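Beneath this line is the structure, given in structure tokens, with notes to follow.
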Amino acid sequence: MYTQADLDNITAQLPLLKKTAERELASIYGLTGMVYTPHRDLYMEACLKKAAIVSQLKKEGLLALSQVEIITAALDALYPKVKNRDVVEYQGNYYQRSFSPLKLSKSGKLVRKWAKYWLLQGPNGEIEPQWKSEVHDLWPSYFVIRAVMD
């Protein structure tokens, strides 16, 4: 059972973990093969924990749903069969449907499960960075690829 204090604690830890993880990623950029990335792993674990805390607090009614969650639910209901990179209009704004690989086969060659999310497009057709950042914060598990171990 999580509380608001748990959320505040994990939120305070994230900026330092993110900075260290980005520095680690920059230092290994260009390398190939299996690379040990403990700082990125710690950062992703903290992001996943924060998302779980926020999700539970929202289910309990202690936190309100964000605009991203409300609009995503509405778009999912209105456009269930939209393909990747299709753009739809909703309440005067344009949203692009995106898919990312979520689970891979044992060989890593086939995608077993896809993450589906919506990105807000600005007036020039570019993805709004604030919206994209909130999508990453709400659903960090969508951006961690896992191999199926069945």
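The values are calculated or read from the model by the stated rules, or taken from the named source; none is laboratory data. Quick caveat: nothing in here was measured; it's all calculated off a predicted structure. Here Cβ is always computed from backbone atoms with ideal geometry, including for glycine, and neighbour counts include all displayed protein chains.
Side notes on the structure shown:
- First in the stretch 38-62 and not assigned by TED's automatic domain parsing to the domain that holds T20, second anywhere and in a helix (DSSP H, G or I) and among the small types (G, A, S), Cβ under 6 Å, 6 or more apart: none
- Where a residue in the stretch 76-89 is under 14 Å from Q121 (Cβ atoms) and its partner, wherever it lies, is of a type in the set (S, T, Y) and outside any loop (DSSP other than H, G, I, E, B), with Cβ under 9 Å and at least six apart: R85/S98; V87/Y94; V87/Y95; V88/Y94; V88/Y95; E89/Y95
- K132 being in a helix (DSSP H, G or I) and either outside the structural domain of K50 (by TED's automatic domain parsing) or of a type in the set (D, E, K, R) (or both): yes
- Unique residue being within 26 Å of L7 (Cα to Cα), in a strand (DSSP E or B) and out of contact with any Lys or Arg (no Cβ under 8 Å at 6 or more places or on another chain) when the list is A73, A115: A115
- Residue count for the stretch 92-107, restricted to those that are part of a loop (DSSP other than H, G, I, E, B) and surrounded by 11 or more Cβ atoms within 10 Å (Cβ to Cβ): 2
- Evaluation of S133 against (1) exposed (fewer than 12 other Cβ atoms within 10 Å of the Cβ); (2) more than 12 Å from the chain's Cα centre (by Cα) (one fails), failing number: (2)
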